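The values are calculated or read from the model by the stated rules, or taken from the named source; none is laboratory data. If you're wondering where the values come from, they're calculated on a predicted model, not measured in any experiment. Note: ideal-geometry Cβ built from the backbone for every residue, glycine included; neighbour counts use all protein chains shown. All accessible areas refer to the heavy atoms of the entire protein, side chains included, with ligands and DNA or RNA removed. Shrake-Rupley method; radii C 1.70, N 1.55, O 1.52, S 1.80 Å.
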Amino acid sequence: MSEYDAIILGAGAAGLMCAAVAGQRGRKILLVDHAEQAGKKILISGGGRCNFTNVHTAADRYISANPHFAKSALGRYTAQDFLALVESYGIAWHEKTLGQLFCDGSARQIVEMLLDECDKGCVDLSLGRAVTGVDHADGRYRVSLDGRTVTAPALVIATGGPSIPKMGATGFAYDLARQFGLKVVEPRPALVPLTLGGDETLFRELSGVAAEVVATAGKTAFREAALFTHRGLSGPAILQVSSYWRNGQPVGIDFLPDRESGWLPAAKRTTPRATLRKLLGGTLPDRLAETLSERLGMTSEISTLTDRKLQDAERALSHWQFTPNGSEGYAKAEVTAGGISTAELSSQTMQAKRVPMLYAVGEAVDVTGWLGGYNFQWAWASGWAAGQVL
């Protein structure tokens, strides 16, 4: 039987960071994953270039039953801290829109950097071995790995959520949490495309068409691109609001966020022979302009329409409502919302309050970031916080 100071389950972003930090503090660490390769989700992220953090990281860009929980870890290990690590390895990077930082080269550079950091801490890696049992007795956790048993006084749950199951993702973290009596906030797909049914399936004909819009779910709005798909709605704006959307709730779209009220009656006086389709075509893709005009029943010249009708059209275009009939689920979700309840954990150390030396980090926890590098920063910060105290 092999003995360690801590066993970390899950060699994703949070687990790798936690192992590296604890190992470099002199702890004897075993990092376990059922996958044959560490950091599989990192490798496919950001189109293979890994959107590894966001310079605008703040706790208000995360969803959690406790919106304050993430403040401590994010405040102590910042986007600048991770960027300094990236730069210390000579990894070239660039900033895209909205503070998103990507590798110039490949996401593989981030995985190799984290594995190198683990090497510096003499971390033992056990990859491609499934966990077949976990129990706790006499102050030690015993983990069974395909016939081999390892023990440690500390155990870290870093196995993420069930999003992207083709990568091997499961709800194992929640099963383990419940085994030890920890509450789990109901998990659901987040940062996920939404599907349309019924009358709204007509918009599927626009598959591949994108436009910059303001998308709204409840009181939360994002201005980014929305994309029509053969199943419904996607694109950054939709992925963002999907994390806030609940079944049965409408999603609002402002197709013309830069137009001021009264622009259509004004256009009637300056270009009376124009059609709504032509006026929209200056801002929106032509196919979208045509579809919206047809749905509003406004295909004739605007001079033939009353100001009231034009004002109604303005309102419709800035408050268009879709009612999705669902989402594309965990298969297409970038992350999982919900997870191990933050009420069970210390925000300082990520340790369970009622179970000795049990920790949970990363996506397994009920902290879900916006699109754009925020979830990686939570993984780095929460993994670092636990690694400091293992």
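Among the residues of the stretch 103-111, are any more than 30 Å from GLU224 (Cα to Cα) and among the hydroxyl-bearing types (Ser, Thr, Tyr)? Looking through the stretch 103-111, none of the residues is more than 30 Å from GLU224 (Cα to Cα) and among the hydroxyl-bearing types (Ser, Thr, Tyr).
Is it the case that the stretch 67-82 has a residue that's among the aromatic types (Phe, Trp, Tyr) and open to solvent by 60 Å² or more (accessible area, probe 1.4 Å)? No; the residues of the stretch 67-82 include none that is among the aromatic types (Phe, Trp, Tyr) and open to solvent by 60 Å² or more (accessible area, probe 1.4 Å). Just a yes or no: is a residue in the stretch 199-207 open to solvent by 60 Å² or more (accessible area, probe 1.4 Å), β-branched (Val, Ile, Thr) and without any contact (Cβ under 8 Å) to a residue 40 or more places away in the chain? No - not one qualifying residue is present in the stretch 199-207. Scanning the stretch 183-195 for residues that are touching a Leu at 6+ places or on another chain (Cβ under 8 Å) and part of a loop (DSSP other than H, G, I, E, B) yields a count of 3. Within the stretch 346-378, being crowded, with 24+ Cβ neighbours inside 10 Å, farther than 26 Å from GLY235 by Cβ and among the polar types (S, T, N, Q) holds for no residue.
Can you find, within the stretch 300-345, the residue that is surrounded by the fewest Cβ atoms within 10 Å (Cβ to Cβ) among those that are outside any loop (DSSP other than H, G, I, E, B) and β-branched (Val, Ile, Thr)? Result: THR304. For the stretch 364-371, state whether one or more residues are at pLDDT 95 or above, farther than 20 Å from ARG223 by Cα and not in a loop (DSSP other than H, G, I, E, B). Yes: one or more hits. What about GLU200, is it out of contact with any Pro (no Cβ under 9 Å at 6 or more places or on another chain) and either over 21 Å from GLY12 (Cβ atoms) or assigned to a strand (DSSP E or B) (or both)? So GLU200 fails the test. Selection of first residues in the stretch 23-37 that are touching a residue at least 60 places away in the same chain (Cβ under 8 Å) and of second residues that are of a type in the set (Phe, Trp, Tyr), restricted to Cβ pairs under 9 Å at least 6 apart or on distinct chains, gives the following pairs, ordered by first then second residue: ARG27/TYR4; LYS28/TYR4; ILE29/TYR4; LEU30/TYR4; HIS34/PHE172.
Condition check ((1) under 15 Å from LEU98 (Cβ atoms); (2) modelled with pLDDT of 95 or more; (3) in a loop (DSSP other than H, G, I, E, B)) across all residues:
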{"site": "ARG204", "(1), (2), (3)": "no, no, no"}
{"site": "GLY208", "(1), (2), (3)": "no, yes, yes"}
{"site": "GLU212", "(1), (2), (3)": "yes, yes, no"}
{"site": "ALA215", "(1), (2), (3)": "yes, yes, no"}
{"site": "PHE222", "(1), (2), (3)": "yes, yes, no"}
{"site": "ALA225", "(1), (2), (3)": "yes, yes, no"}
{"site": "ILE238", "(1), (2), (3)": "no, yes, no"}
{"site": "TRP245", "(1), (2), (3)": "no, yes, yes"}
{"site": "GLY248", "(1), (2), (3)": "no, no, yes"}
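Given the residues LEU233, LEU256, LEU292, which is the only one that is of a type in the set (A, V, I, L, M, F, W, C), out of contact with any Lys or Arg (no Cβ under 6 Å at 6 or more places or on another chain), open to solvent by less than 30 Å² (accessible area, probe 1.4 Å) and in a helix (DSSP H, G or I)? Only one candidate qualifies: LEU292. Pairs linking a residue in the stretch 340-362 that is in contact (Cβ under 8 Å) with a residue 12 or more places away in the chain and within 19 Å of LEU16 (Cβ to Cβ) to a residue that is of a type in the set (S, T, N, Q) and outside any loop (DSSP other than H, G, I, E, B), with Cβ atoms under 8 Å and 6 or more positions apart or on different chains, are MET350/SER382; TYR359/GLN351; VAL361/SER382; GLY362/SER382.
For SER106, the requirement of being among the hydroxyl-bearing types (Ser, Thr, Tyr), under 19 Å from GLY362 (Cβ atoms) and open to solvent by less than 60 Å² (accessible area, probe 1.4 Å) is not met.
Conditions (1) in contact with a strand residue (DSSP E or B) (Cβ under 6 Å, 6 or more places away or on another chain); (2) surrounded by fewer than 16 Cβ atoms within 10 Å (Cβ to Cβ); (3) of a type in the set (Lys, Arg), marked per residue:
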site: ALA92; (1), (2), (3): no, yes, no
site: GLU95; (1), (2), (3): yes, yes, no
site: GLN100; (1), (2), (3): yes, no, no
site: VAL111; (1), (2), (3): no, no, no
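Taken over the stretch 209-244, the criterion of being closer than 17 Å to THR283 by Cα and of a type in the set (Gly, Ala, Ser) is satisfied by ALA210, ALA211, ALA215, ALA225, ALA226.
Taking the stretch 1-54 as the search range and keeping residues that are hydroxyl-bearing (Ser, Thr, Tyr) and open to solvent by 10 Å² or more (accessible area, probe 1.4 Å), which one is farthest from the chain's Cα centre (by Cα)? Write out each step before concluding.
Going through the stretch 1-54, the residues hydroxyl-bearing (Ser, Thr, Tyr) turn out to be 2, 4, 45, 53.
If we keep only those that are open to solvent by 10 Å² or more (accessible area, probe 1.4 Å) too, we end up with 2, 4, 45.
Values: SER2: 36, TYR4: 32, SER45: 11 Å.
So the residue we want is SER2.
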